[in-house]
Each structure stands twice: as structure tokens, then as C-alpha cells.
Amino acid sequence: MKRDLEKEIPRAGGLDRREVVRLIGATAAVSLVGGGERPASSEETDIRTQKAKGATITIDAKPEPIAMDTAKTAVIVVDMQNDFGSKGGMFDRAGIDISIIQRAVAPTARVLAAARKAGIAVVYLKMAFQPDLSDMGVRDSPNWRDHQRMGVGTAVRAPNGTESRILVRDTWNTDIVSDLKPQPADTLIYKHRFSGFYQTNLDLKLKDLGAPYLIFTGCTTSVCVESTIRDAMFRDYSPVLLADCTGEPVGYGLPRSNHEASLLLIEMMLGWVSTSDQFIKALESAPTA
């Protein structure tokens, strides 16, 4: 039975029923377009305007330069979190040399600053499991076994004195390292496998952003970064890895490290390899409105 809203809505504040109905409709319309959100700052407005306009840039890369529209580009930050890159995190506790990952922090920070200034979207991926570890996989599967050996889920005290757990969501261990702190406009996506595309909404988010061009930073080069780049390539994205914005402890110091092997594979088959300097240079050389 159709409800008579005009009879159900009482008179309020001197308005008749029809005026109240119109007011409710107008309020709903405003909420649908985000009218309830805080007003954007002038800086945020400038960034949004810049992203809407976009600019064509050409990045010097291997195997060849690549041209892209900044309005159709996103920077992906893979797993630059305390468990991998900070003292007291999972890698550090396991005796793994994290200096290799820490060296990637400063160039990544410069890339993020330049990208945000140009209106390029930034997406953070964070490797973490549910508190009950239910998404770690079937017992004794490779994903379960490897993470179990690293003590995933173990309760620890973080360097800041808070109670935390290794590689568990919403703890200090899975927070992004302090020098790469996400901004309000950035996107954060949790993942529970090496690839950022596996059982996440990353693909939907990138399509919503209209971003077929992906600038990759993060760790580790031959595991989560390469895995995500592979899946990006399979989905017809154009991935560009910035070599100085990533690091790989596994195989470090060997005649050819895992890091170097991944760079070679990516430039030959999966996408492009460049550097932070080349990316920033391309942005600075872009024509301005």
C-alpha cells in the first residue's frame, strides 16, 4: 500500500507538510553528492582541479620512455609498513637487514610529494591479517606456513610502548612508516596475499580513478611488488617501477640479487623500470595551464 508521506510528516518550524517533504528531498540530494563532508581546503581544491585537467608527461624508462596522462595515473605504495621497514617490526625481529628497505623511504617521500602536487592519486597497500588470522589460508598451505614461521599474530610491545601484534590489522606493526604517512585524500587497502589485487578492491578502485598508468614504489621488490605488478600487467595496466623506491633483502649481496632479477624481468616483460628522479623530472617538465 502506498504511504501518504504528507499525512505522516507533522508540521514543523512553521513549514507546511509540502515544504517539509521538499526540504527532506533537498537534504537527501545534498548528502548524495557529499554535501555533508567538510569543505575542501584551497590546496585540496587546487589538487582536484589539477587532476581533472591532467598533463601529458614522458618518463625516461627502460626498455623505452613511456608517455602518460597524470589524470589517468596513480602511485602505488606497496607494504611500506613498520613490520618491514622499522626497528621492532617483523623483519627486524627476525634479524633481516631492513636498511635496504629504509633506503627507499626518502626517494619515495619525494615521489609522493611531487605526485600529490600534480594531483596524482596515491594508493597504499598494507599486508595484514584479521585478528583471528582467518584469512591467512588453509593450515600448512605455503602462505600459512611461511607467515607462521615469521611469528604472525604474536603479541608484541611496539617501540612506542603500545600493545601490538605482528602483521595484524590496525596495529602499530601494520601502520605505514612515519616518513610516508598517508594523507586524508589517499586510499588505503589491506591485502592478505603478496599481490595487491588478490581478493581486494584495488582493481575497482583504480578503475574508479580512471588510472591505467601505475607508478610503483614499496617493498619487497621480488615478492609483493613484483607479484602486484604481474597482476597489474595481466589486467592491462601499464606499471612503472621506480627502482630506487623499492628494496629486497632476499638475495642481497649475491652476484645477481633478487632485486636486480626482478628489475630485469619487469623491464623486459611486465612493464617499465625508471627512477624517482626521472619521474619527478617528467612532472616538473610537464606543460602548465
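The values are calculated or read from the model by the stated rules, or taken from the named source; none is laboratory data. Only a predicted model underlies this, so the values are computations on that prediction, with no experimental measurement involved. Quick reminder, even Gly has a Cβ in these numbers, built from the backbone with ideal geometry, and neighbours come from all protein chains shown. All accessible areas refer to the heavy atoms of the entire protein, side chains included, with ligands and DNA or RNA removed. Shrake-Rupley method; radii C 1.70, N 1.55, O 1.52, S 1.80 Å.
Structure data summary
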quantity	calculated
Accessible surface ranking that places the most exposed of 163, 267 first, with a 1.4 angstrom probe	163, 267
Charge dipole (segment 183-245, unit charges on Cβ, about Cα centre) - positive-most of 215, 196, 185	196
Computed magnitude of the charge dipole of segment 151-249 (debye, nearest 20; Cβ of K, R +1, Cβ of D, E -1)	260
Cut-off 9 Å between beta-carbons: net charge of the residues surrounding residue 173, Lys and Arg +1, Asp and Glu -1	-1
Gain upon complete extension [residue 204, residue 181; 0.36 nm per residue less C-alpha separation]	5.9 nm
Trypsin sites (Lys or Arg not before Pro) lying in DSSP loop within segment 190-252, provided at most 15 other Cβ fall within 10 Å	235
17 Å cut-off, amide nitrogen to a point 7 angstrom out along residue 135 Cα→Cβ, residues in segment 200-234	200-206, 224, 228
Distance (nanometres) between label positions extended 7 Å along Cα→Cβ at residue 117 and residue 250	3.6
Largest-first principal axis extents, alpha carbons of segment 164-282, Å	38, 35, 30
Descending principal axes extents, segment 181-240, alpha-carbon based, whole Å	29, 26, 22
Loop-located trypsin sites (Lys or Arg not before Pro) in segment 53-156 whose Cβ has at most 12 other Cβ within 10 Å (DSSP)	87, 139
Radius 10 Å from Cβ of residue 190, net charge of other residues (Lys, Arg +1; Asp, Glu -1)	+1
Part-to-part distance (alpha-carbon centres) for segment 211-289 and segment 61-118, which is given in Å	10
With every protein chain in place, segment 90-227: carbon and sulfur % of accessible area (1.4 Å)	51
Per residue value of the accessible surface for segment 112-185 (all protein chains in place, 1.4 Å probe), Å²	50
Of every Cα-Cα pair in segment 221-279, the percent that sits beyond 13 Å	58
Distribution of pairwise C-alpha distances over segment 102-200, 5 Å bins, in %	2, 12, 19, 21, 18, 14, 9, 4, 1, 0
Segment 103-155: proportion of alpha-carbon pairs further apart than 16 angstrom, %	59
